[in-house]
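Written below as structure tokens is the structure these notes are about.
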Amino acid sequence: METLYCACCGRPFKRASHRGPAPLYCSQDCRLQIAVRRRVWSGATGATWVAAREGRGGAYAATARL
């Protein structure tokens, strides 16, 4: 069995089977965490994303959504 590393938390884990594509995550918890992150990231677009990234949340982020 080959050792893989989780795309979410970085923990090493063993691939259970060589059938099908290699798994990206070590557990169901990591799969759910990435699904939540993906939904949050897809909701943050344009100026809202830039404001959040640069720490200018609050009023600027609220007006950027208009």
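The values are calculated or read from the model by the stated rules, or taken from the named source; none is laboratory data. None of the values given here were measured: they were computed from a predicted structure. All Cβ positions, glycine included, derive from the backbone under ideal geometry; neighbour counts span all protein chains shown.
Tabulated data for the structure shown
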read-out	value
Single residue of segment 1-31 satisfying the filter (among the polar types (S, T, N, Q) and part of a loop (DSSP other than H, G, I, E, B)) that is modelled with the lowest pLDDT	S17
Number of the exception - A44 against (1) modelled with pLDDT under 60; (2) surrounded by 13 or more Cβ atoms within 10 Å (Cβ to Cβ)	(1)
